[in-house]
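**Student:** The structure's right below; bear with me while I get my questions together.
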Number of protein chains: 2
Amino acid sequence: MNIGDVAERAGLPAKTIRYYEDIGLVRPTRDANGYRAFTEQDAHKLIFLARARALGFSIEECRALLALWEDRARASADVRAIAKDHLARIEEKIADLEAMRDTLSDLVRSCAGDNRPDCPILTSLAEG
Amino acid sequence: MNIGDVAERAGLPAKTIRYYEDIGLVRPTRDANGYRAFTEQDAHKLIFLARARALGFSIEECRALLALWEDRARASADVRAIAKDHLARIEEKIADLEAMRDTLSDLVRSCAGDNRPDCPILTSLAEG
DNA sequence: CATAGGGCTTCCAGTCACTGGAAGGTCAAG
DNA sequence: CTTGACCTTCCAGTGACTGGAAGCCCTATG
């Protein structure tokens, strides 16, 4: 398979896949013409990566998950620990964003949004 | 005021303030010894910036907000538009993160997390 | 007067995960 | 034979800092 084929199958840009090779997440061989040759297994790996990335796992977490995936003697506890940590970070982020959203929507609601200069948004940023 | 003083007042690292000077958000003068000399106005600007950044506004949005803040002839509509756009992006992010959280917490819940290799998290990443 | 420490300066490099673009090789169709 | 889609490498840029090295400045103490 050429890079374009796996790219389509994984739903990832070819550039991203080249990058994944650079950092050692996939190791395709090469055809005589220098083109990357992806196996079916490589394609599965990339699909796995695309899904893990879509769930917000960092590249290093993906690397760890891939290693566990390929390790038949893994303990599911190790996988679960990674996912749990990640879940906790996501929940933190959501809480942070919700706090921003609440403040911002209050401010947006309180601002007339007309031609006049008076603006509670600016006042709040200036005065706390 | 030296950089350390404004840093403490604004709650920003000195490094960040130097960076803000680099990109033209503040323009302190210099003392004879080369130290940055911040005025009371600079301090207020930095406090404004710190608050806007804490609400998640990008640097370019902060630049625009700062310009509006300093423009007595501004229309509050312009400020409100920036805030509303930002609010919409935050709401998108929250929705994305909530989708991740929901999927992840299902997966974490379904995984035994013991010594055995069977892991629904990996299965789901591999098979969709 | 020397020195020790803290704060200040600049500049360079690294972060994360790509992304864009230039310059050029390869391949299949018409 | 040419066109156009694909592939290659390499370099640089993104956003918003952050870390670190090398060195100057200021104050306080011995």
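The values are calculated or read from the model by the stated rules, or taken from the named source; none is laboratory data. As the structure is a prediction and not an experimental result, all values here were calculated from the model. Methodologically, a virtual Cβ is constructed for each residue, glycine included, from the backbone with ideal geometry; neighbour enumeration extends over all protein chains shown. Keep in mind that these areas ignore ligands, DNA and RNA; they rest on the heavy atoms of the full protein, side chains included. Shrake-Rupley method; radii C 1.70, N 1.55, O 1.52, S 1.80 Å.
**Student:** Criterion first (outside the structural domain of B:ASN2 (by TED's automatic domain parsing) and either within 16 Å of DNA strand C (Cβ to nearest atom) or open to solvent by less than 50 Å² (accessible area, probe 1.4 Å) (or both)) does B:LEU46 satisfy it?
**Tutor:** For B:LEU46, the condition - outside the structural domain of B:ASN2 (by TED's automatic domain parsing) and either within 16 Å of DNA strand C (Cβ to nearest atom) or open to solvent by less than 50 Å² (accessible area, probe 1.4 Å) (or both) - is not met.
**Student:** Just to verify a result, which residue in region A:24-37, among those that are more than 9 Å from DNA strand D (Cβ to nearest atom) and open to solvent by less than 50 Å² (accessible area, probe 1.4 Å), is farthest from the other protein chains (Cβ to nearest Cβ)?
**Tutor:** Out of the qualifying residues, it is A:GLY24.
**Student:** Could you tell me which residue of region B:45-67 is farthest from B:ILE121 (Cα to Cα), considering only residues that are touching a helix residue (DSSP H, G or I) at 6+ places or on another chain (Cβ under 7 Å) and free of Cβ contacts under 8 Å to residues at least 12 places away in the same chain?
**Tutor:** B:ARG51
**Student:** Oh, and also: As an exercise: evaluate B:ASN33 against (1) in a loop (DSSP other than H, G, I, E, B); (2) under 29 Å from A:PRO120 (Cα atoms) and give the number of the one condition it does not meet.
**Tutor:** Only one criterion is unmet by B:ASN33, namely (2).
**Student:** Another one. On the basis of being more than 16 Å from DNA strand C (Cβ to nearest atom), open to solvent by 70 Å² or more (accessible area, probe 1.4 Å), on the phi < 0 side of the Ramachandran plot and within 14 Å of another protein chain (Cβ to nearest Cβ), does B:ASP96 make the cut?
**Tutor:** Here the answer is no, as B:ASP96 does not meet what is asked.
**Student:** Quick check: anything in region B:93-104 touching a Phe, Trp or Tyr at 6+ places or on another chain (Cβ under 9 Å) and over 19 Å from A:ARG80 (Cα atoms)?
**Tutor:** No, every residue in region B:93-104 fails to be touching a Phe, Trp or Tyr at 6+ places or on another chain (Cβ under 9 Å) and over 19 Å from A:ARG80 (Cα atoms).
**Student:** Test A:ALA75 against the stated conditions and say whether it is open to solvent by 50 Å² or more (accessible area, probe 1.4 Å) and away from DNA strand D (no atom under 16 Å from the Cβ).
**Tutor:** no
**Student:** Evaluate region B:85-93: report whether one residue or more is over 13 Å from A:ALA126 (Cβ atoms), within 9 Å of DNA strand D (Cβ to nearest atom) and either open to solvent by 30 Å² or more (accessible area, probe 1.4 Å) or more than 14 Å from chain A (Cβ to nearest Cβ) (or both).
**Tutor:** No - not one qualifying residue is present in region B:85-93.
**Student:** So which residues in region A:1-22 are in contact (Cβ under 8 Å) with a residue 12 or more places away in the chain, open to solvent by 50 Å² or more (accessible area, probe 1.4 Å) and more than 8 Å from DNA strand C (Cβ to nearest atom), if there are any at all?
**Tutor:** A:MET1, A:ASN2, A:ASP5, A:ARG9, A:GLY11
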